[in-house]
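Visitor: I have a structure I would like to understand better, so I am pasting it below and will then ask my questions one at a time.
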Amino acid sequence: MIFRTFDTQEEFVSESVVHMLRVVDSEEYRYLALAGGKTPVPVYEQFGKKIKDPSKIFLYQVDERYVPLHHPDANACMIYKNLGKKHEGEWAGMYFFDTTQPISTALLEYRHVLSRVPELVFDLVVLGVGVDGHIASLFPYSPQLNDMEHTVMYTTTMHHFVHDRLTLGPKVIMQAKQILILLQGEEKRPIYEELRHPIKLSDAFPVHILQSHADVTVHYVL
């Protein structure tokens, strides 16, 4: 893992955007999987402003809470509002979990659109990390952490306001060419230190499954 800390929010956002722009600076199609949450909001906003050719970029989401698409807790709503709608109609593709459908149908449909990603290898996956160490919607001690067969899956947690989740599986995340982890705030400092000096097992702290990935960059700002 490559670790970078920043003194200001402005530097954190700017360098995170630069990292993403490097990935899409190509004549080839690029496939991005994006996390939700609050930390990526200004990053996605600035990234959207600086993209030169959205027609070469496919946008996917990493995971979703099982709430209506326009619900304030929906990751799709955040990604669309801060990035997707800036170039609506220009992207090569933009795909979200369809939470208007039953969970089984939503998973089936998202698995279908994932098949458009060559060899299921994303060029970049952007992730956050929960205070419990979860990534995407892969939570501590979840059996899905060890499921390297399914590309998308349903998970549930009693420790968060929205219990039911739809998520990329660890197989797809681990196959990505690059992973960018965004961390912000005092409450995320223990996560940053744990990533730098691992003590916990991955079952207890899911983000540790990424320790074996060849290209993970962690950006942290207080």
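Visitor: Just to check your reading of the model, which residue among Leu69, Leu21, Leu59 is out of contact with any Asp or Glu (no Cβ under 7 Å at 6 or more places or on another chain), under 21 Å from Ser115 (Cβ atoms) and either assigned to a loop (DSSP other than H, G, I, E, B) or without any contact (Cβ under 8 Å) to a residue 40 or more places away in the chain (or both)?
Guide: The conditions single out Leu59.
Visitor: Cβ-Cβ below 6 Å, separation at least six or inter-chain, first residue in region 124-151 and within 13 Å of Phe205 (Cα to Cα), second of a type in the set (Phe, Trp, Tyr) and at pLDDT 95 or above: which pairs?
Guide: Gly133/Phe205
Visitor: Quick one: would you say Val121 is surrounded by fewer than 21 Cβ atoms within 10 Å (Cβ to Cβ), farther than 25 Å from Ile199 by Cα and of a type in the set (A, V, I, L, M, F, W, C)?
Guide: yes
Visitor: Do you know which residues across region 77-91 are without any contact (Cβ under 8 Å) to a residue 40 or more places away in the chain and in contact with a Leu (Cβ under 8 Å, 6 or more places away or on another chain)?
Guide: Answer for region 77-91, where residues must be without any contact (Cβ under 8 Å) to a residue 40 or more places away in the chain and in contact with a Leu (Cβ under 8 Å, 6 or more places away or on another chain): Cys77, Gly84, Trp91.
Visitor: In region 10-18, is there at least one residue being over 22 Å from Val62 (Cα atoms), exposed (fewer than 14 other Cβ atoms within 10 Å of the Cβ) and out of contact with any Lys or Arg (no Cβ under 8 Å at 6 or more places or on another chain)?
Guide: yes
Visitor: Any chance you could count how many residues in region 99-118 are buried (at least 20 other Cβ atoms within 10 Å of the Cβ) and in a helix (DSSP H, G or I)?
Guide: The qualifying residues number 3.
Visitor: Tell me which of these Tyr141 doesn't satisfy, since it passes every other one: (1) at pLDDT below 95; (2) surrounded by fewer than 15 Cβ atoms within 10 Å (Cβ to Cβ); (3) at negative phi.
Guide: (3)
Visitor: Let me ask another. Quick check, is Glu90 surrounded by 14 or more Cβ atoms within 10 Å (Cβ to Cβ) and either in a helix (DSSP H, G or I) or touching a Pro at 6+ places or on another chain (Cβ under 7 Å) (or both)?
Guide: Here the answer is no, as Glu90 does not meet what is asked.
Visitor: Looking at region 27-72 only, could you name the residues that are basic (Lys, Arg) and surrounded by 16 or more Cβ atoms within 10 Å (Cβ to Cβ)?
Guide: Those that are basic (Lys, Arg) and surrounded by 16 or more Cβ atoms within 10 Å (Cβ to Cβ): Arg30, Lys56, Arg65.
The values are calculated or read from the model by the stated rules, or taken from the named source; none is laboratory data. Owing to the predicted nature of the structure, the values given are computational and were not obtained by experimental measurement. Using ideal geometry, Cβ is built from the backbone for each residue, glycine included, and neighbour counts are taken over all protein chains shown.
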